[in-house]
Number of protein chains: 2
Amino acid sequence: MSQHLSPDVPVLQPQGSASPSSSAAASPAAVQPLDVQQRLAASRAPLPASTKTYEPGTLFPDLRVPLRDIQLTNGERVAVYDTSGPYTDPAQATDVRRGLPSPRAAWIEARADTEPYTGRPIQLFDDGLREATQQQALRAQTDALTRAPRRARSGGNVTQMHYARRGIITAEMEYVAIRENGRRAWMKEYCADAERESRLRGQGLGATIPGFITPEFVRDEIARGRAILPANINHPELEPMIIGRNFLVKVNANIGNSAVSSGIEEEVEKLVWATRWGADTVMDLSTGRNIHTTRDWIIRNSPVPIGTVPIYQALEKVGGVAEDLTWELFRDTLIEQAEQGVDYFTIHAGVRLPFVPMTVKRRTGIVSRGGSILAKWCIAHHRENFLYTHFEEICEIMKAYDVSFSLGDGLRPGSLADANDEAQFAELRTLGELTKIAWKHDVQTMIEGPGHVPMHMIQANMTEQLKHCDEAPFYTLGPLTTDIAPGYDHITSGIGAAMIGWFGCAMLCYVTPKEHLGLPDRDDVKQGLMAYRIAAHAADIAKGHPAARARDDALSKARFEFRWEDQFNLGLDPETAREFHDETLPKDSAKVAHFCSMCGPKFCSMKITQDVRDYSARLEADGQAATQGRGEAGAEAGAEAGLDAGVAAGMRAKSAEFRAAGSELYIPIQPA
Amino acid sequence: MSQHLSPDVPVLQPQGSASPSSSAAASPAAVQPLDVQQRLAASRAPLPASTKTYEPGTLFPDLRVPLRDIQLTNGERVAVYDTSGPYTDPAQATDVRRGLPSPRAAWIEARADTEPYTGRPIQLFDDGLREATQQQALRAQTDALTRAPRRARSGGNVTQMHYARRGIITAEMEYVAIRENGRRAWMKEYCADAERESRLRGQGLGATIPGFITPEFVRDEIARGRAILPANINHPELEPMIIGRNFLVKVNANIGNSAVSSGIEEEVEKLVWATRWGADTVMDLSTGRNIHTTRDWIIRNSPVPIGTVPIYQALEKVGGVAEDLTWELFRDTLIEQAEQGVDYFTIHAGVRLPFVPMTVKRRTGIVSRGGSILAKWCIAHHRENFLYTHFEEICEIMKAYDVSFSLGDGLRPGSLADANDEAQFAELRTLGELTKIAWKHDVQTMIEGPGHVPMHMIQANMTEQLKHCDEAPFYTLGPLTTDIAPGYDHITSGIGAAMIGWFGCAMLCYVTPKEHLGLPDRDDVKQGLMAYRIAAHAADIAKGHPAARARDDALSKARFEFRWEDQFNLGLDPETAREFHDETLPKDSAKVAHFCSMCGPKFCSMKITQDVRDYSARLEADGQAATQGRGEAGAEAGAEAGLDAGVAAGMRAKSAEFRAAGSELYIPIQPA
C-alpha cells in the first residue's frame, strides 16, 4: 500500500550497505536473538492452551473453517478467529518447499469456468537479475512450488462479485460467513444479560451488521460492492476472508524481501510470523532482486490474501527510471503477478496529471511511493497517468483471475498539515469514478486511505469515502493523529485506526514503531500487529459486531476470578502477559493465588467485591425488598437518604452478621 | 487515583517476598540495567539539542516560566512545554537532600494571609513503623528538608479559587498563562497559511480556547470552576500548571515507594524520571512503610503537583482493617499530608452506602481500591460513607492549605461489561453534588473518571460529567477501549484517552504496559508516558489549542527536508527515534543524507516531490495561468479532461525541459 511507509525493502543493496534482513536484525528488546530454526519453531507452536478446530459448512459440507479454541482452567472453551493457517495445527505437516494444501482447488475446478494454461515464461528481469545462473539457483528451491496458472475461459469473468451478482453463493462465501460468526455457543454466557446488552449496544454509524452472518448476506454484500473477498483463482491455498464495513475489521501487515535472500524458509517465516499475530492479509512490498521468486515462495505458503503494488516491480524492470515505464511493461507485470496468485493489486490510477500541481503548496508533498512514481511519469511526459487511461484494460485482467483492486491513494497526506486537502480529495473522487468502472466489470474493489490526519478530521475521510466510492470498502494506513512521536507511530496511528475502524473503515494497514525511521524487525512487526489488533477489536466493539465483545467479558471474568492463566491465554499476546506478571510474582503458586501483584495479598479490592456480593446475597436470601430499595436509591441518587426503613434495618442486621463472620482484609494464602 | 491500577505499591513486603523496586526491576528491554548513579545522570541530562529558557511575567516580572528550546540545524529554535523542572537545567544545582528552590515562597508570603505554625508532630505510625530508631534513621536523611508548615490565618481561605472569585490574579495565574501560550514567535512560520489554518481548525466540542491565554482568562476559568491550579501553600517548590478543558490536556503518572526504601536518591529518581518524560502531575500511591518520610522527600523535590489518596495511608494506620477507619483518624491524615504540601487529594466521597449493592451484578464488581475500602467500611457498619457525611469538614481543611479535590470514582467500571452502569453514574451524580459543596467553600475540584469504556460509550462519560459536575475538570484513567490485551494496556487506554481528551477531559492518568499484571519498571513508566503524551497532544490538536500543531509541522518539515537530527530532536523521545534509525543506517553520514531508510538512495518519493515543485515553479515563472488551471482541475476533478489548452501547452513544453535537465531517480550520495 505504501512506499516510504513500507517495511524492509532492500534498497541499500545497490550501494553494498549491510541492510539487515527484517527478521535477523537484533531487536533492542531481544536479549538473545533467535536463530532461524528457533524462529521457525517459535512461529509454528500453537499459542498456549490453544487447539486448532474446524467448522464444517452446510451448503458446502467439506469446508473446514479454522478457529482457535482456548481451553480455560474452569472448563470453558473460548473459540477465537484464527489467521495463522495450517502452521499452528500440529496435525498438519507443512513444508515450505512444497507449499500449503489447496482447499480451494476443488471449489475452483467445480465451477468449471477456468482452465489451466501455459503461463507467461519467467524472465531474468522478473527477478532483477543479469545472469541466468543466478536465477536457476534461486528457482531450484521453487521446483515443487511451480503450478500451471489458470484463468477464466475465454471472455469469462470469475470474480466473486460476478458470481454474487448472478445470485451464486460460492464455497468462499459460506466459508467467510462461518468464519465471521465464530462459534456462538460459548458466547451465550457472556451475552445473556439483557440490561448489559442494551447498555453496551454498539453504534454502527451506518453499518448494518446482522446478528448472524449468513452466506446469503455475504453474497449480497459482495454483489453490492460493500465487501470484497480477495481470492485469486491462482491462490488455492487461501483460507478465505472478507473485507467490508459490515464484517469484522481486518488488519494488513507489510513484508518485504531481504536484501540478500537467505532462502525460502527465511522469507516465508516473515509471513508466518505476521499471520501468527493476526495479519488478515499481507502485502508483499518487495523490491530489488529475487522479487518474482520470493513471491512464489510467499504465495504458495500463504493462508492469507497477498497484496502487491505492481508498479514497484515494473519500476525495477526499467532500472528505476519512472519515465521509462510503459503500459505494455506494466500490463505484462500484472499478468505475471496474477498468474502467481496475487489476491489484490494496489493501483494508483487516481494520481491524475491535473492533480499533481495541487501538491506544490503542501508541507510534505507526495509521500506515497507509488504516487511519486506516477507523478514523475505524468510530469515527465506531460500525459495523463497510464493507469487511468488504461483502467478498463486492467479490469479485463482482474476479472480473468479475480484479482481485487486496492485503489491506491498516491496523493495521501504525509503530515497533519496536508490532511484532507484539495489533492487528497480530488484523488478520492477519482477513485470513486474508477470504482464504478471496476464494478461495471464486476471487479472487486477497495479504496486506500490516509495517512496523517488529526482526530477531528478523521470522520470526514470516512464520510467522503463512503459518499464518493458508494460504500466500497475503505482500507487506511492508520491514520497517524500526530507527527511528533517518531518511534511510537504504531500508537499515534493506532488511535486513528481504532476511530476510523469504528466509523466504517473495513481494513487497517498496520504501522510499526520503526515507521519513518528504519526497517522493522521481527519484534517491530509484532508490536505493529498488536497495536492494530487492538484498534480493530476496539472498533468491532464500538460498531456492535455481535461476535466481538464476548472475548473481553471472558477475559474480565477470568481476571476477576483470579484465573491468571486464563487471563493470559485469552489475551492477544499470552506470552508477554505472562512474562510481565512473572517479573513481579514469578512463582507458579502466584498464578493461582487470589490476589494480584498490584495490591498483593494484604489488601485486594476484588476480594472486597466478593464480600459485597455475599452481603447483598444474604440480604436477598432473607427476603428483604433489597432490589426495590436499590432501585429507589438509584432513582434518587442525589438525595441524602437512600434506603427505605425496612431495607435499612435488614442491612443493619446483616452488617453485624458480616462482622461476626470475620470481615478480615488479610486474605490467607495457601503456602506454595 | 486508582488501586489495582496503581503501580509499585510495596504490598509484598509483609510476606517477605522480594518485590523489586520500581526502578531497579530489570526491564526486558534493558540489556544492561543502569545503576542508580547512571540513572540519576541519565534523568538529569538535558534532552538532545535542548536548552532550558525562561519567560518573565508582566504583572509579576520576577516570574521565570520554563520552556525547553530545541535548536534545529537550520537555525530555527522551537520552544516546547517543559515539565522536567530544574533537573534538566545545568545552571541550577539540585541536591535532593536539600530540596528544590522555592519560587512560590515569596508570592505566598506577599499575600500575607498565611502564617507558619508548629505542625502536627510526626508519629511512628505515619511511617508504618514500630521502632522509633527505625524512624530516626529514616529522618536523618530528611533534616535539611524539614519546613515549618503554613496555613491560612484563622478562618481564612487561601485557595486560588478564592482569590479568583474576588478578582485577584495571582502570580501562579500569570505563570500558567505564560506557560500555556508557549513562545509564539517560532510558531508563526507554521501557522501562516490561511487555507491550511482554516482546513485544520480544531473542533472544540464546547471548549472555548482563546487564541491567546491571558492571566485574566486563567483567573476567570478558575473562578468559574472550569479549571484548577493545584498548588498547596506548603509546596513552594512547585512550577504552577493548570488543569481545565480550555487549556492543554495534562498527563498524570503514578509512582509508589519501594518495598525496602533504598534511600532518598532512589525514591526521588522515580519522580524525576516521570517529569522528564512529560508527567504534568505525579500521584504518590505509596503504601506500607516509610510512607510519610518518602512523601517529604518527593514533595520537597517535586516541580510538579503531587496528588495522593489519603485513605491508603489511613488504612495502613489501622493495620489494613477497613472497618477500623474513623473520621478522626482520616482527618488527622489529611492534616498530616496537607502540612507536607500535597497539592490534591483523591477523596472517594461518592461511594455511598445505597450505591454499593448496585455493583452486585457487575462482571468485575468494585475495582477501585479506595472504592473497595469505603464500600467495605459502609457495609460493615451499615453507615453512610464518612467522607460523604464529613465532606464540609474536609472542605475546611482544603481551603486552609489550598489542597484541591480530586473526587475519586470508587465505583468506576473494571471491564467493558460494567461501563456506564447504574453504580458508575449514581456516583458521578453524587460527585456533582459534592462539587457544588466544594465550590461553596471556594475549594478547587476535579472529578475522576473511568476506567474501561468501549469507544462508542466514551462521549457519554464526558457529557454526563460536564452536565452533573458543571464543567469541573474531568480526570480520567484511560479509558481502556478493550479488555483483551494485557501487556498492551497503555495502547488500549491511549486510544480512549486521546478521544476523551478531545471530548473535553482535562487530565489523563497514564496506564503502563504492566497494568493488571505487575509493577511497572523504569521503562514501563516511560512507555506509559509516551502513549499518554501522544494522546494528550492528539487531543490538543483536535480541540484546536492554538499552540499545539506547530510542533507537528516543524517535525514534518524537518522530515521532508531530510533534517534527520531535527526530526529526532523535535520528537517526544529523541533517543529512541535515533536508535531506531541507527539500527538501519548507523553511519553519521546517513543523518545528513537526502534519503530515508525505507526507500533508500535509489528511489525517494520526497525527492520526486521536489521535482514536482521545480516543475510547477517553472510553469509559474513563465507566467502560465497555472493556478487558474489547477483550480478548474480541482473543481471538476471528476471530469475526464483537466487542464485548459494554454496550461496544457505550457506544461508540455516544461515537460520536455524537465527531461532535458535530467530527471534521474537515482540520487547521487556523497561518500561517507
Number of the exception - B:Thr333 against (1) without any contact (Cβ under 8 Å) to a residue 24 or more places away in the chain; (2) part of a loop (DSSP other than H, G, I, E, B); (3) β-branched (Val, Ile, Thr): (2)
At pLDDT below 95, open to solvent by less than 20 Å² (accessible area, probe 1.4 Å) and outside any strand (DSSP E or B) - does that describe any residue in segment A:142-150? yes
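Could you tell me whether any residue of segment A:236-243 is under 18 Å from the mean Cα position of the chain (by Cα) and not hydrophobic (A, V, I, L, M, F, W, C)? Please lay out each step first, then the result.
Restricting attention to segment A:236-243, the residues satisfying the condition of being under 18 Å from the mean Cα position of the chain (by Cα) are A:238-243.
In the following step, the residues that additionally are not hydrophobic (A, V, I, L, M, F, W, C) were identified as A:239-240.
Within segment A:236-243, one or more residues are under 18 Å from the mean Cα position of the chain (by Cα) and not hydrophobic (A, V, I, L, M, F, W, C).
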Considering only segment A:575-596, state which residues are at pLDDT below 90 and in contact with a helix residue (DSSP H, G or I) (Cβ under 6 Å, 6 or more places away or on another chain). A:Lys591
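Yes or no, residue by residue, for (1) over 16 Å from the mean Cα position of the chain (by Cα); (2) more than 25 Å from A:Glu221 (Cα to Cα); (3) surrounded by 24 or more Cβ atoms within 10 Å (Cβ to Cβ):
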| residue | (1), (2), (3) |
| --- | --- |
| A:Ile534 | no, yes, yes |
| A:Ala539 | no, no, yes |
| A:Arg559 | yes, yes, yes |
| A:Arg563 | yes, yes, no |
With the checklist (1) over 18 Å from A:Cys509 (Cβ atoms); (2) open to solvent by less than 10 Å² (accessible area, probe 1.4 Å); (3) under 25 Å from the mean Cα position of the chain (by Cα); (4) within 12 Å of chain B (Cβ to nearest Cβ) in hand, flag the one item A:Ala375 doesn't pass. (3)
Output for Cβ contacts, cut-off 7 Å, separation at least six or different chains, first residue more than 15 Å from A:Asp483 (Cα to Cα) and within 9 Å of another protein chain (Cβ to nearest Cβ) in segment B:554-583, second assigned to a helix (DSSP H, G or I) and at pLDDT 95 or above, reads B:Arg578/B:Phe568
From the list A:Gly496, A:Gly487, A:Gly432, which one is within 9 Å of another protein chain (Cβ to nearest Cβ), closer than 14 Å to A:Glu515 by Cβ and part of a helix (DSSP H, G or I)? A:Gly496
Give the residue that is most open to solvent (accessible area, probe 1.4 Å), with candidates limited to residues of segment B:435-461 that are more than 11 Å from every other protein chain (Cβ to nearest Cβ) and among the aliphatic types (A, V, I, L, M). B:Ile437
Does B:Thr73 satisfy being at pLDDT 95 or above, hydroxyl-bearing (Ser, Thr, Tyr), touching an Asp or Glu at 6+ places or on another chain (Cβ under 8 Å) and over 26 Å from B:Ser262 (Cβ atoms)? yes
Do the conditions hold for A:Leu477, that is, is it away from chain B (no Cβ under 12 Å) and open to solvent by 10 Å² or more (accessible area, probe 1.4 Å)? no
For segment B:184-213, pairs from a residue that is surrounded by fewer than 17 Cβ atoms within 10 Å (Cβ to Cβ) and of a type in the set (Lys, Arg) to a residue that is modelled with pLDDT of 95 or more and assigned to a loop (DSSP other than H, G, I, E, B), with Cβ under 8 Å and 6 or more apart or across chains, are B:Arg184/B:Phe212; B:Arg199/A:Ala419; B:Arg199/A:Asn420; B:Arg199/A:Asp421; B:Arg201/B:Gly544
Return the total of residues in segment B:151-193 being assigned to a helix (DSSP H, G or I) and within 14 Å of chain A (Cβ to nearest Cβ). 3
Inside segment A:499-533, the number of residues satisfying the requirement of being within 8 Å of another protein chain (Cβ to nearest Cβ), more than 20 Å from A:Ala207 (Cα to Cα) and among the hydrophobic types (A, V, I, L, M, F, W, C) is 4
Looking at (1) open to solvent by 70 Å² or more (accessible area, probe 1.4 Å); (2) in contact with a helix residue (DSSP H, G or I) (Cβ under 9 Å, 6 or more places away or on another chain), which is the one condition that is false for B:Gln136? (2)
Taking the conditions exactly as written (without any contact (Cβ under 8 Å) to a residue 40 or more places away in the chain and out of contact with any helix residue (DSSP H, G or I) (no Cβ under 7 Å at 6 or more places or on another chain)), does B:Glu267 satisfy them or not? no
Being under 27 Å from A:Asp614 (Cα atoms) and more than 7 Å from chain A (Cβ to nearest Cβ): is that true of B:Ile335 here? no
Which strands (runs of 3 or more DSSP E) does segment B:227-324 wholly contain that include 2 or more residues that are over 29 Å from B:Asp113 (Cβ atoms)? B:250-255
Among (1) touching a residue at least 12 places away in the same chain (Cβ under 8 Å); (2) open to solvent by 40 Å² or more (accessible area, probe 1.4 Å); (3) among the hydrophobic types (A, V, I, L, M, F, W, C), the one test that B:Ala112 misses: (1)
Starting from residues that are aliphatic (A, V, I, L, M) and more than 14 Å from every other protein chain (Cβ to nearest Cβ), keep the ones in segment A:292-327 and report whichever is farthest from A:Asp126 (Cα to Cα). A:Val304
For segment B:228-268, name all the residues that are under 25 Å from B:Arg153 (Cα atoms) and among the small types (Gly, Ala, Ser). B:Ala231
Please indicate, with yes or no, whether at least one residue in segment B:456-465 is under 13 Å from the mean Cα position of the chain (by Cα) and within 23 Å of A:Pro454 (Cα to Cα). no
Would segment B:154-177 turn up any residue that is open to solvent by less than 20 Å² (accessible area, probe 1.4 Å), of a type outside the set (S, T, N, Q) and over 25 Å from the mean Cα position of the chain (by Cα)? yes
Is it the case that some residue within segment A:452-469 is of a type outside the set (A, V, I, L, M) and on the phi > 0 side of the Ramachandran plot? no
Using the structure shown, decide if A:Ala314 is under 26 Å from the mean Cα position of the chain (by Cα) and at pLDDT 95 or above. no
Considering each of B:Ser286, B:Ser302, B:Ser258 in turn, give the residue that is more than 30 Å from B:His382 (Cα to Cα), crowded, with 24+ Cβ neighbours inside 10 Å, touching a Pro at 6+ places or on another chain (Cβ under 8 Å) and not acidic (Asp, Glu). B:Ser258
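The values are calculated or read from the model by the stated rules, or taken from the named source; none is laboratory data. This structure is a prediction, so every number in the text was calculated from the model and none was measured. For neighbour counting, all protein chains shown are included, and Cβ atoms are generated from backbone atoms with ideal geometry for every residue, glycine included. Just so you know, the surface numbers come from the protein's heavy atoms only, side chains and all, with ligands and any DNA or RNA stripped out. Shrake-Rupley method; radii C 1.70, N 1.55, O 1.52, S 1.80 Å.
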